[in-house]
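The structure under discussion is supplied below as structure tokens; questions concerning it will follow.
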Amino acid sequence: MIAMATHDGPSLRRMILGSVAAQVLERSPVPVLLLRPGVIARSEER
């Protein structure tokens, strides 16, 4: 499992280029846990 902290709120740069966390979530062969202030989301188990 990979656990990563993310930044709160979208920025124009991330919306255009994508975030590192989003790329890891999309490409990881193992479950990913993303932690944001007040929010917890995780990838579907594979």
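The values are calculated or read from the model by the stated rules, or taken from the named source; none is laboratory data. Keep in mind that this is a model prediction, so the values were computed, not measured. Every residue, glycine as well, gets a Cβ built from its backbone with ideal geometry; the counts of neighbours run over all protein chains shown.
Every residue in region 1-10 that is at pLDDT 75 or above, part of a loop (DSSP other than H, G, I, E, B) and closer than 11 Å to residue 35 by Cα, please.
In the first step, residues of region 1-10 are kept if they are at pLDDT 75 or above; the result is 1-6.
Now narrow it down to the ones that are part of a loop (DSSP other than H, G, I, E, B): 1, 6.
Across region 1-10, the qualifying residue is only 6.
Separate question: Return the residue satisfying two criteria in turn: it lies in region 11-29 and is loosely packed, with under 10 Cβ neighbours inside 10 Å and over 12 Å from the mean Cα position of the chain (by Cα), and of such residues it is modelled with the highest pLDDT.
As a first pass, look at region 11-29 and keep what is loosely packed, with under 10 Cβ neighbours inside 10 Å: 12-13, 15-16, 27, 29.
Now restrict to residues that are over 12 Å from the mean Cα position of the chain (by Cα): 12-13, 15-16, 29.
Details: 12: 67, 13: 64, 15: 66, 16: 63, 29: 96.
The qualifying residue modelled with the highest pLDDT is 29.
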